[in-house]
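Each remark here refers to the structure printed beneath this line.
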Amino acid sequence: MVALKNIIVAMKVTPKPEEIRFDPVTKTVDRSKATNEINPADKNALELALQLKEKYGGKVIILSMGPPFWDQFIKMGIAMGADDAVLVSDRALGGSDAFVTSKVLAAAIKKIGDYSLVITGEESEDGSTGQVPPGIAEWLGIPAVTYVSQVVDATEDSIIVRRTIKGGYEIVKVKIPALLSVELGVNTPRFPDFERLQWAQSEFKLTIWGIKNLGLTEDEVGFKGSLTAVTELRELRPRERLRQFIEGSPEEIARELIKRLGLK
Amino acid sequence: MPVTVNFGLREELLKVVPTLSLCYQCGTCSTYCPITDESYNIRLLVKKAQLGVVDNRDFKVIWDCVTCGTCQALCPNNVEIVNLVEVIRTMAMKSKVFPTKINEVLWKIYENQNPWGYTVTDKRRFTAQFSGLINNENPDVVIYPCCLSVGDPRLQRHIKALIKVLTKAGLKVGMYMGLSCCGDIIEHTGNKAFYEEYTTKLRDAIMNNVKAPVIVTLSPHCEYSLRKYLKGVKIVHYVELIDELIRTGKLKVDKKADITVTYHDPCYLSKHQKVIEEPRRVITSIPGVRLVEMEHSREKSLCCGAGGGGIALETRVSTELSKRRLKEAINTGASVVLTACTYCFRMLEDANKVMRTNLKVMDLVEFLDSVLGD
Amino acid sequence: MSEWRGISVFIEQDNGELERASLEVLTRASELGRKFNEEVLGVLLGHETDNLVKEASRYGADKLIVVDHPDLRHYNSDAYTEVMSYIINKYKPRYLLLPATRNSRDLAGRLAVRFRACLSAHVIMVDIDEKDRKLVTAVPGFGGNIVATVVCTGGKPEMATVSPGTYEARVSDKEATVIKETVPADFVGRRRIELVEKSVSPMPDLSRAEKVVVAGLGTGGDLELIKEFANLIGAAVGVTRPLADMGIVPRDYQIGTTGVSLRAKVAFVFGASGAPHFVYGIRDCGTIVAVNTDREAPIFENCDYCVVADLFDILKALTKELGGGK
């Protein structure tokens with residue numbers, strides 16, 4: 001009988017990409033007017049974790065690294081069915097790149113401990129580096145399987161998953177504890193139970209840790225601890241389409257299109 | 001083996017749907033129900049409810065119901081059948097037996113205030129279309145646009161037509177620019193807690209924003225939904241408003257049109273709100289127009305398939321029903337089928353695209369505006 | 001301290017199939033190598049790699065390091081990380097570039113932490129700073145709307161995964177010297193991941209197709225003319241969600257947020273209304289031609305050439321003009 005222990009799900013809250021404003025004067029990204037949402041792939045990750053818990057037992061714990069206002073989103077995760085949550089929040093973390101983020105999350109996972117699986121989304125919709133999941137796995141010294149679409153089976157010491165590759169899939173057996181990063185859109189994240197959400201909003205106590213709780217110093221995180229730095233930002237005008245209507249008989253239109261696109 | 005009555009569940013159901021006990025199994029409902037088949041039989045469902053033996057099989061099929069309301073409109077004892085369906089859906093939700101797509105739809109409503117995935121960019125484009133056409137300072141009426149029209153230029157045409165017609169009648173027309181779904185679809189998912197929270201927030205937003213005494217909608221679903229939780233303001237569908245404006249002489253229909261049309265009664269207008277003669281009066285007020293009725297009309301009108309969340313859930317029945325209805329429209333020999341609901345329009349128009357007929361699908365106000373011209 | 005020298009490029013292969021994006025990166029690396037006088041080292045892991053080696057050695061590398069072992073035939077996160085670490089420790093390349101494919105991004109993420117090295121992801125430009133010789137890249141973010149210039153501030157090797165299609169793969173007149181490396185057995189054996197089953201169909205990779213013809217609901221599921229036209233212009237065929245739902249073609253051909261994102265130079269869209277989740281899948285295409293009978297279909301907000309007409313009429317006309325049809 002397989003009995004999973006802690007299933008830790010990394011959750012990021014991201015601004016909706018199309019609502020980001022770029023300030024050409026200060027050359028910075030203005031996230032303030034954008035609405036935030038749970039990073040879509042992380043919803044798929046949480047859904048997978050909840051399905052695993054239903055099948056194999058275990059405790060689903062949400063882990064996030066971010067500012068205090070993320071708690072309302074974490075509570076949505078609790079309302080979806082997660083059992084507990086930890087938020088790593090500290091001013092010193094501002095400016096952390098993917099390297100630091102994976103380090104911090106790994107430290108938090110070590111502190112939570114007793115885990116069978118760490119489940120993340122394949123990438124975030126803002127940075128979309130996709131580096132954090134394999135990075136976390138390397139810090140923890142555990143194997144990682146990326147672009148997981150579903151779990152096929154679980155045994156005492158391993159988990160068998162389906163992984164999407166170009167033009168097909170792989171079925172892969174990995175020893176637990178392991179990290180799985182979940183492909184975007186592979187499942188339908190359940191809608192939160194709003195009665196549980198109301199309970200969570202008034203009763204649930206979110207665990208909050210600072211870098212000191214993780215045994216990290218200021219030099220190891222934030223801008224100081226990062227190995228990459230952004231020196232310039234520019235906006236890529238979202239491509240404006242020509243929106244040119246081509247009129248005429250089907251034959252005339254066909255000839256015009258062939259000409260313009262050089263199809264002959 | 002005779003059925004064992006579940007008295008507990010029976011009591012519960014009778015409490016929320018008291019008219020349940022009045023059903024004597026005449027079978028009118030299932031005869032007119034557009035989706036009766038081996039798996040779905042509303043007459044049987046009512047019987048099972050009376051005995052408290054609603055089970056998992058019922059939880060699976062209850063999502064096919066389009067809540068057209070033909071059953072209860074024709075029921076000789078006025079049993080609140082649609083209400084029963086919604087109650088069973090709530091039960092199904094609790095037992096976690098529901099189409100997975102509902103999760104997707106609810107998340108979209110939560111994150112974007114509409115079930116279609118329209119984004120801020122679509123809303124911005126919509127607002128840009130209308131900001132010059134409306135007057136939100138002291139309007140006489142405020143249009144509440146159906147959220148489906150936010151990303152649908154064709155439906156936006158209907159709104160523009162409505163603005164023109166109402167302006168011709170001397171009204172100052174405003175519009176609610178919050179562009180949120182009225183919550184109709186949430187109700188049909190059986191998710192009461194989210195419905196409560198969402199509509200409470202929406203109600204406050206609308207009350208703070210709308211200063212006119214009348215809200216007019218293009219979708220009967222919006223009208224039906226808003227009436228449930230908005231108090232202190234009159235909510236009408238444009239068909240009722242225009243009918244009144246014509247009858248009181250404020251809107252003059254002085255242009256002719258030599259054309260044969262048929263009219264598709266939106267279920268939420270004809271069956272749920274008994275608005276049946278108003279649209280017909282509006283159509284026949286146009287000199288020269290010949291109105292031909294379809295085989296099923298008025299309370300017996302055949303649903304387009306969008307209701308009950310069908311249009312968002314894309315159930316197995318929704319597309320079939322729309323094709324069936326379009327066929328009925330073709331059979332009348334009319335050149336245009338008119339309707340007065342954003343959902344009905346979309347369903348019939350999409351069916352038309354697939355069936356490639358010579359029939360034209362138009363919204364009633366769009367048609368009226370095209371006749372009146374400038 | 002110039003102990004770390006050279007530009008290494010990870011040449012990805014899987015089960016004997018070379019990932020062509022690696023050759024693009026190799027070409028760019030060789031440009032940078034010439035400009036900054038750095039040696040270019042290709043690194044290839046696999047099994048029975050002779051054909052791959054022959055191909056890869058023509059794209060500008062000075063040396064091609066090959067590790068051939070049966071357990072490296074298929075990509076394995078653990079084994080590849082161990083072997084690459086061994087190679088990096090031995091050759092100490094200052095820079096390490098990889099294609100931004102799934103497997104390579106996976107590998108790069110682990111290596112970056114193992115070496116405490118900087119890593120820029122799916123870059124659309126990679127260069128070396130003239131003054132301090134640090135790696136400089138352009139990284140898209142926020143759904144591609146913002147591009148950041150990112151510099152490496154610490155760690156070696158300085159790493160980047162390069163987006164496929166950023167650079168062109170060009171055959172060089174130089175042929176690389178092949179070095180066959182053997183790695184201690186336990187390095188390859190240090191794995192906790194095991195491949196159980198693999199299934200790859202010889203499906204055209206829609207996301208790399210240069211020309212695509214998309215069929216929407218307006219076709220009613222009838223793809224005959226669509227396929228004929230696509231054949232004539234050498235295009236791949238994709239569908240919108242409703243057609244995949246109908247089972248007309250497998251879901252691998254579905255374009256959109258939960259399907260394939262196209263990066264074609266030319267995309268034809270026949271009979272699709274242009275729902276947001278579909279439009280997302282064609283946003284990166286060069287030129288989009290849309291045909292729909294509804295002048296107000298949202299698709300016309302998102303195309304370059306808009307045609308309001310019956311798609312079958314247009315398909316017949318196009319096919320005839322191109323010399324096909326009956």
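Bear in mind these aren't lab numbers, they're just calculated from the coordinates by the rules spelled out. A quick note: this is a predicted structure, and the numbers were derived from the prediction, not measured. Virtual Cβ from ideal backbone geometry, glycine too; neighbours counted across all protein chains shown.
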Per residue of A:133-144, other chain Cβ atoms within 10 Å number on average 5
Modelling each spin label as a point 7 Å along the Cα-to-Cβ direction, I'd like the residue B:277/residue B:90 distance in nm, to one decimal. 3.6 nm
Listed with the fewest Cβ neighbours within 10 Å leading, A:1, A:80, B:207 appear as A:1, B:207, A:80
Which value in nm describes the separation of the simple spin-label points at residue C:252 and residue C:39, placed 7 Å from the Cα toward the beta carbon? 4.1 nm
222 nm [θ] for chain C, helices only, -39500 (n - 2.57) per DSSP H run of 4+, per residue, to 500? -8000 deg cm²/dmol
Which parts of the range C:236-264 would a label at residue C:224 reach, counting a residue when its backbone N lies under 18 Å from a point 7 Å out along Cα-to-Cβ? C:248-249
Within 12 Å, Cβ to Cβ, of residue B:296, how many net charges do the neighbouring residues add up to if Lys/Arg are +1 and Asp/Glu are -1? +1
When Cβ neighbours within 10 Å are restricted to other protein chains, what is their mean count per residue of peptide B:152-164? 2
Let me make sure I get this right: for the range A:6-239, a, b and c are the square roots of the gyration tensor eigenvalues over alpha carbons, sorted descending. Under 1.5 in a/c it's rounded, otherwise prolate if a/b > b/c, else oblate. Which is it? rounded
With Cβ to Cβ distances under 10 Å as the rule, what net charge do the other residues near residue A:27 carry (K, R +1; D, E -1)? -2
Can you show me the helix-derived [θ] at 222 nm for chain A, built from DSSP H runs with n ≥ 4 at -39,500 (n - 2.57) apiece and divided by the number of residues, rounded to the nearest 500. -9000 deg cm²/dmol
Can you give the FRET efficiency for residue A:236 and residue B:127, using 1/(1 + (r/R0)^6), R0 = 22 Å, r = Cβ-Cβ distance, to the nearest 0.05? 0.35
Rounded to the nearest 0.05, what FRET efficiency is calculated for residue A:217 and residue B:197 with R0 set to 35 Å and r the Cβ-Cβ distance? 0.20
Shape category assigned to the range B:224-349 from the gyration tensor of Cα positions, a/c cut at 1.5: oblate
Taking A:109, C:233 and counting other C-beta atoms within 10 Å, the order from fewest to most: C:233, A:109
Greater than 24 Å separation of Cα atoms is the criterion. Which listed pairs, A:33/B:108; A:53/A:175; B:256/B:327; B:255/B:360, meet it? B:256/B:327
For the range C:192-230 and the range A:197-232, distance of Cα centres in Å: 43 Å
Relative contact order (percent, whole number), chain B, Cα cutoff 8 Å, 6+ residue spacing: 16 percent
Can you pull the one-decimal nm distance between simple spin-label points at residue C:3 and residue B:295, each 7 Å off the Cα toward Cβ? 8.7 nm
Stretch gain in nm, segment residue A:22-residue A:69, where the contour uses 0.36 nm per residue and the Cα spacing is subtracted: 14.7 nm
Subtracting the Cα-Cα distance of residue B:4 and residue B:358 from 0.36 nm times their residue separation yields 122.0 nm
Using R₀ = 41 Å, calculate the FRET efficiency as 1/(1 + (r/R₀)^6) where r is the Cβ-Cβ separation of residue B:137 and residue C:284; round to 0.05. 0.40
Identify which of C:138, C:267, C:169 has the largest mean-square fluctuation in a Gaussian network model of chain C, with springs joining Cα atoms closer than 10 Å. C:267
Any idea what the relative contact order of the range B:7-94 is, in percent, if you count C-alpha pairs under 8 Å spaced at least 6 apart? 37 percent
What is the average number of partner chain Cβ atoms found within 10 Å of a Cβ in C:277-283? 1
Where the centroid of each part is defined by its Cα atoms, how far is the range B:1-27 from the range B:158-233 in Å? 35 Å
Three-way shape label, the range C:206-321, alpha-carbon gyration tensor, a/c 1.5: rounded
Computed over chain A, the relative contact order (Cα-Cα under 8 Å, seq sep at least six) in percent reads 24 percent
Mind listing the phi-derived Karplus ³J(HN,Hα) values for the range B:137-148, rounded to whole Hz, using 6.51, -1.76 and 1.60 with θ = phi - 60°, and x for any glycine or proline? 8, 6, x, 7, 9, 10, 7, 9, x, 5, 4, 5
Hey, in the GNM for chain B with a 10 angstrom Cα cutoff, which one of B:299, B:278, B:12 fluctuates hardest? B:12
Of the residues B:115, B:34, B:139, which exhibits the maximal mean-square fluctuation in a Gaussian network model of chain B defined by a 10 Å Cα contact cut-off? B:139
Fewest to most neighbouring Cβ within 10 Å: what's the order for A:220, A:156? A:156, A:220
